[in-house]
Amino acid sequence: MSKLLLLAPLSGQVWPLERIPDPVFAQKMVGDGLSIDPTDALLVAPCDAEVMSLHAAGHAITLRTEEGAEILLHIGIDTVALKGEGFRPQVKAGDRVQAGAPLIEFDLDFLATHAKSLLTQIVIANSDRVTAWERASGLVTVGKDTLLTVTLAAEDTTTAAGSAETITSDAIIIPNPTGLHARPAAVLANLAKSFQSSIKLQLGDRQANARSVTAIMGLEVGHGASVRLHASGPDARAALDKLAPVLAQGCGDEGCVPAPAPATTTVSPEAALAPQRKSSDPNVLLGVSSSPGLAVGEVFQVRRVEIAVTEAGAGVDVERRRLAAAIDTAKGQLAALRAQLHAKADPAKAAIFAAHEELIEDPDLLEIAESAIAKGKSAAFAWKKAATTHADRLAALRNPLLAQRANDLHDVGQRVLSILTGTETKAPEYAPNTILIAEDLAPSDTAALDRSRVMGFCTTRGGATSHVAILARSFGLPALAGIEPAALEIPNGTPVILDSGKGTLRLNPAQEEITRIRQAQARAEQQRKEHLAHTHEPAVTLDGTRIEVVANIGGLKDAEQIADLGGEGVGLLRSEFLFMERVNAPTEDEQFESYKAIARAVGEKPLIIRTLDVGGDKPLAYLPIPKEDNPFLGERGVRVGLDRPELLRTQLRAILRASAFGKISVMFPMISTLRELRDVKAILAQEAERLGAAPIPTGIMVEVPATAVMAAQFAREADFFSIGTNDLTQYTLAMDRGHPKLAAQVDGLSPGVLQLIAHTVQGAHAAGRHVGVCGGIASDPCGVPILVGLGVDELSISLPAIPAIKAQIRALRLDVCRDLAAKALAADSAEEVRALVPDPNHSSSQP
């Protein structure tokens, strides 16, 4: 036995490997160890060692100590794809280094904008020799703090028993674009370990143990290299039969095409793309809803204006000053836009333009422009080239969310270019009832739309997560993304119906259909005004049962609208609004000030704050969560807070402090076991004691079938329940509500879901607990009478729906609703349930 101490090779925050957004490291296929989110840009030796190998891309290095430990230091995630750019190795293979010696210098800013993540892994590749671990946590300082202390068993020098006969594979051409780097090497090594035989990988006249990640990486096998596998032992043939095809197909590495390809098979680039929906009706074009609604109007085609620039500059110093001045002016414009939106208490929209301010100062963008200016180009030419190059890089990324940010960069680029060239970018004068069609719209253009004239828009690019889509939803503009390219050929003035709910744009509809839709819209508007006029009346049924109608909100702006719309409080404050669109978590004081402002806006009415609800399906940039095959069944909701208790404690302290300014309760998402509830309640109690704060009511979201089934047990420990029918429905039906084929079947009025709601109400009411519903069916006119009949105490709904839902409740009778609920529970399908309830918008009769 021997003990090895490893000093921190970088300064920064320590992360366990399980949280790394790379399955090979997270599953410890390379080996065990830790990760550091670096704050400096020089990787140093954690101990005295010999450099076994240095990857050709300069991003990874392997050391071997006298004790025989093989230490892999891997800077960033997917950084091998950068092919050495941003890395400056200070050593070479075979060098002896002492603890603290420089190994690799790297460009922190460049990697931050080009790599998937900066998280740097420090892994004992032969960790099967480690018998005991001592791991650091929190922040570490390079060369001072101990990162790992490990106890190593004696090195095993025995060889595999069995037949001495060696079997050799055919030549295998490596398809991996960046060769056998850490990820494919780990896959191969772990697979080799499942066999008893000795297995070697041969490149030229060199061989490596196929069980060793570091040995494989030390071969420096590049793209297109020819290798062979050798195996000897009792299962040698089975080993080669398994490993050879895996190696030939790239070991699961992305971007691999097995080589050589069959000569008779060719695949066009178009065939490799996912097929786009296409309508068989020439008068109907299909897209994807990015903002809900129905609009009738005439087409106006928006074309992106190409700003002409002069290539030759007037001198390097002159052009540098011009670019600096234009960037300063653009930053001022963006800051003014952001301030206006903050003044309107609209942080989500303000965050979009804050992101634009960050983009405009991107060091890689500026470096490209500076390089062109230094070569004699004009500031306008240099900036245009830089913005286009950078946007194209983003657009090519596999991550769709990041790829959609290319449009933001185009927007920023145009803003600065307009200033440099003196081009006036005046918005066109739109006719009344305009439906815009464009390849894409810039966030600035969308924010400036005259919404009294523009009824909606369609884009052939973009998606539901783009900033343009976010703005459209906030403005209430119906919108389609990814519409068929034929939309760009529709003549201006063509009458159309944009139905975002159906994902369709209908061309040249009959005048009768247009008239019918506009009459329906006029009736709906008149009804909306009537509901609004009576919205401050309580939601009491005809036979005297009071139902609380409260709001689902996402920030201060929403909170300030509650009183005018007749809301009786907040049933769900989605605290995620504080955590999104930023590079680090909000501080305790930031959260406290925000919750306090919302509490004051709500006044004496109840305010329920849900703790942070994120996970693998909706991650945050600064909260690395390993990629999961099924994020809906992984680290999500309260599990994230329990796994990162300091994040949860910070939020709970802010909520407790804010409780002095309002009637605040806290609610925990995705609770599935009593242990989870007890754990979070214990943390809440500890923080309340430390602050000297009074305890606050504690509730849970019912989103998991197990929680609904165990409602009676949970009612002994939770103060209230809120049923999140959106998640409860998809978990009950085992259907993803975002699935392109199954989404239409994900209906919260399924009898199975209603049975769970009924069970929750019964278990909660038996213990005197309050039950609300905060999911989609709470604002569904078909769902409201059934929920009332099931005994729900509260409906928490979107702000615009409050007046109509209160009006609907005032027209109901409890006994009729109970009878309707009994029939719904006995129904065979959601369709049958819906058929039981006449739509109040199309019928004067009520259940």
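If you sort the three axes of the alpha carbon gyration tensor as a ≥ b ≥ c, you get a/c of 1.5 or more for region 48-157 and a/b above b/c, which makes it prolate.
Might you tell me the accessible area per residue for region 654-813, computed with a 1.4 Å probe and given in Å²? Write down the numbers at each step before the final one.
On the way: 5630 Å² over 160 residues.
That works out to 35 Å² for each residue.
Could you compute the FRET efficiency for Lys3 and Gln196, with r as their C-beta to C-beta distance and R0 at 25 Å, rounded to 0.05? Walk me through the intermediate numbers first.
Details: r = 31 Å, r/R0 = 1.24.
Calculated transfer efficiency: 0.20.
Please go through the residue pairs Lys502/Lys557; Lys83/Lys242; Lys3/Lys144; Lys28/Lys681; Lys200/Lys242; Lys331/Lys385 and name each one whose alpha carbons sit more than 22 Å apart in this structure. Write out the running numbers ahead of the final one.
Working: Lys502/Lys557 30 Å; Lys83/Lys242 30 Å; Lys3/Lys144 18 Å; Lys28/Lys681 33 Å; Lys200/Lys242 14 Å; Lys331/Lys385 20 Å.
Pairs exceeding 22 Å: Lys502/Lys557; Lys83/Lys242; Lys28/Lys681.
Can you figure out the FRET efficiency of Leu623 with Thr389, using R₀ = 30 Å and their beta-carbon distance, to the nearest 0.05?
On the way: r = 30 Å, r/R0 = 1.00.
Here the calculated transfer efficiency is 0.50.
Counting heavy atoms of the protein chains alone, Ser2 has an accessible area of about 40 Å² for a 1.4 Å probe.
The modelled label-to-label distance for the pair Asn283/Glu306, using points 7 Å beyond Cα in the direction of Cβ, is 3.6 nm. A Förster radius of 45 Å combined with the Cβ-Cβ distance from Arg516 to Thr39 puts the calculated FRET efficiency at roughly 0.10. Relative to the current alpha-carbon distance between Ala563 and Thr151, full extension at 0.36 nm per residue lengthens the span by 141.9 nm. Annotation for Arg818 and Ala660: the two label points, set 7 Å from Cα along the Cα-Cβ direction, are 4.7 nm apart. Net charge in the neighbourhood of Val496 (other residues with Cβ under 12 Å of its Cβ; Lys, Arg +1, Asp, Glu -1) is -2. Peptide packing: for 510-519, 29-38, the average count of neighbouring Cβ atoms within 10 Å per residue gives the ranking 29-38, 510-519, highest mean first. The modelled label-to-label distance between Lys242 and Asp109, using points 7 Å beyond Cα along the C-beta direction, is 4.9 nm. Per-residue packing, averaged as other Cβ atoms within 10 Å, sorts the ranges 101-109, 654-662 into the order 654-662, 101-109, beginning with the highest.
Quote the relative contact order of region 43-183 in percent (integer), defining contacts as alpha-carbon pairs under 8 Å separated by 6+ residues. Intermediate results must be reported in sequence, preceding the final value.
Values: 230 pairs, mean separation 34.0, N = 141.
Reported as a whole number, the value is 24 percent.
The values are calculated or read from the model by the stated rules, or taken from the named source; none is laboratory data. These numbers were taken from a predicted model, which means no experiment stands behind them. Cβ coordinates were reconstructed from backbone atoms using ideal geometry, including for glycine residues, and neighbour counts include every protein chain displayed. Just the protein is used for accessible areas: all its heavy atoms, side chains included, with ligands, DNA and RNA removed. Shrake-Rupley method; radii C 1.70, N 1.55, O 1.52, S 1.80 Å.
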